[in-house]
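The values are calculated or read from the model by the stated rules, or taken from the named source; none is laboratory data. The model shown is predicted, which means the values in this text are computed figures rather than measured ones. For neighbour counting, all protein chains shown are included, and Cβ atoms are generated from backbone atoms with ideal geometry for every residue, glycine included.
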Amino acid sequence: MKDFASYTGGAVPDDLMKEVQAAAAQFDGKNEGELVRSIYARAAEGKRAGTLTNEQIDAFCAQFAPMLDGAKRKKLFKLAEQLKKM
């Protein structure tokens with residue numbers, strides 16, 4: 001599987017599982033600030049390259065915002081707005 005958009009449901013394909021495990025390993029041991037900076041940098045790179053859309057940013061926020069407390073949710077939306085202005 002080359003991207004999440006091509007995932008159609010069902011069992012998680014082996015190649016996706018390997019990608020997820022590799023991504024998780026990159027963040028192992030990082031604190032919250034390091035994690036946020038790393039994710040933001042990758043998202044900013046995607047925006048500049050034209051591979052991350054504002055709609056995708058909104059979808060990400062909609063999916064994860066309910067899992068965050070008020071302060072973290074506010075920070076998420078602030079970062080999303082900064083990305084969308086790029």
Of the residues that sit in the stretch 27-40 and are surrounded by 10 or more Cβ atoms within 10 Å (Cβ to Cβ) and in a helix (DSSP H, G or I), which one is modelled with the lowest pLDDT? Phe27
Give me the pairs: first residue in the stretch 20-41 and touching a residue at least 40 places away in the same chain (Cβ under 8 Å), second residue surrounded by 10 or more Cβ atoms within 10 Å (Cβ to Cβ) and assigned to a helix (DSSP H, G or I), beta-carbon distance under 6 Å, and six or more apart or on different chains, which are they? Tyr40/Leu79
Could you say which residue among Glu81, Glu45 is touching a Ser or Thr at 6+ places or on another chain (Cβ under 9 Å) and at pLDDT 85 or above? Glu45
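Here are Ala71, Ala43: which of them is hydrophobic (A, V, I, L, M, F, W, C) and surrounded by 11 or more Cβ atoms within 10 Å (Cβ to Cβ)?
Details: Ala71 fails: surrounded by 11 or more Cβ atoms within 10 Å (Cβ to Cβ).
Of the residues listed, the single one that is hydrophobic (A, V, I, L, M, F, W, C) and surrounded by 11 or more Cβ atoms within 10 Å (Cβ to Cβ) is Ala43.
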In the stretch 44-86, what residues are among the hydrophobic types (A, V, I, L, M, F, W, C) and not in a helix (DSSP H, G or I)? Leu52, Leu68, Met86
